[in-house]
Amino acid sequence: MSIALIYARSRNYCIGVDGDLPWRLPAEFAFFKQTTLGSAVIMGRKSYEDHNSELPDRLNIVVTRQPDYTPVPGVRVADSLVAALALARDQGKPVFVIGGVGLFREAMPLADTVFETIVEADIEGDTFVDAFDFSGWGSERVLQHDVDAKHRYAFTAYRHSRPTSHSSKSR
Ligand SMILES: NC(=O)c1ccc[n+]([C@@H]2O[C@H](COP(=O)([O-])OP(=O)(O)OC[C@H]3O[C@@H](n4cnc5c(N)ncnc54)[C@H](OP(=O)(O)O)[C@@H]3O)[C@@H](O)[C@H]2O)c1
């Protein structure tokens, strides 16, 4: 099963402030949507409560330790990352872990792909993703966007692909 992470971070690795994203970047949001459509999206409870709705045309799974947690209809609940991955596998869906910090950290060793958007800003937020080391991975720039009337910050999106064991051996 394919497992990917997807996030947008500032130069100083900030991903959130006050339970929300630190920016509004419509083209980055469109990239997130286009990349994750048709897949399972696994998110922590706080990331879910950032929007409190189902991301359409995706299998939405919220991870929480609260046994009676009730999201909106259509959104599934799992009590661990492992349980969420099992749910996605049962439905035959590729997986995107979409945050937050703890789920990124837990899923990173399992991920074959990481979509990382770097936003050209230094943000004084309260939520910071780990500075994952992608040396040895294949990294490809997949989107670049400049500042314009709708985008306060420029950003660049990368797809980092973990080398397969075969290609590792051949190095
Ligand atoms: N820039 C981006 O790409 C991006 C992406 C995602 C989120 N964000 C931002 O990041 C912030 C939220 O992220 P966060 O790291 O603070 O929180 P989060 O990971 O979204 O949510 C944390 C909660 O998820 C549940 N959880 C996490 N790991 C779990 C596990 N292994 N097993 C069971 N439950 C687990 C727990 O819920 P309970 O407390 O209910 O048990 C935990 O309190 C917001 O500001 C959001 O806007 C940004």
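The values are calculated or read from the model by the stated rules, or taken from the named source; none is laboratory data. Note that the structure is a prediction, hence the values are computed from the model and not measured. Neighbour counts run over all protein chains shown; Cβ positions are idealised from the backbone, glycine included. In case anyone asks, the SASA skips ligands and DNA or RNA and just uses the protein heavy atoms, side chains included. Shrake-Rupley method; radii C 1.70, N 1.55, O 1.52, S 1.80 Å.
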Return the total of residues in the stretch 63-112 being charged (D, E, K, R), part of a loop (DSSP other than H, G, I, E, B) and more than 9 Å from the ligand (Cβ to nearest atom). 3
Scan of the stretch 73-96 for residues that are under 16 Å from Glu54 (Cα atoms) and in contact with a Ser or Thr (Cβ under 6 Å, 6 or more places away or on another chain), ordered by number: Phe96
Within the stretch 114-135, count every residue that is open to solvent by 40 Å² or more (accessible area, probe 1.4 Å) and part of a loop (DSSP other than H, G, I, E, B). 8
Every residue from the stretch 27-51 that is open to solvent by 50 Å² or more (accessible area, probe 1.4 Å) and modelled with pLDDT of 95 or more: Phe29, Ala30, Lys33, Gln34, Leu37, Arg45, Lys46, Glu49
Would you mind stating whether His151 is touching a residue at least 12 places away in the same chain (Cβ under 8 Å), buried (at least 18 other Cβ atoms within 10 Å of the Cβ), farther than 23 Å from Gly44 by Cα and away from the ligand (no atom under 14 Å from the Cβ)? no
Would you be able to tell me the number of residues in the stretch 10-20 that are surrounded by fewer than 20 Cβ atoms within 10 Å (Cβ to Cβ) and either under 22 Å from Val95 (Cα atoms) or out of contact with any helix residue (DSSP H, G or I) (no Cβ under 7 Å at 6 or more places or on another chain) (or both)? 5
State all residues of the stretch 53-62 that are part of a strand (DSSP E or B) and more than 15 Å from the ligand (Cβ to nearest atom); if no residue qualifies, say none. Leu59
Determine the pairs where a residue that is more than 17 Å from Ala4 (Cβ to Cβ), located within the stretch 78-98, has a partner that is part of a loop (DSSP other than H, G, I, E, B) and open to solvent by 30 Å² or more (accessible area, probe 1.4 Å) with Cβ atoms under 8 Å apart, the partner being 6 or more residues away or on another chain. Asp79/Arg65; Asp79/Pro67
Selection count, the stretch 50-82, where residues are within 21 Å of Leu37 (Cα to Cα) and out of contact with any Pro (no Cβ under 6 Å at 6 or more places or on another chain): 22
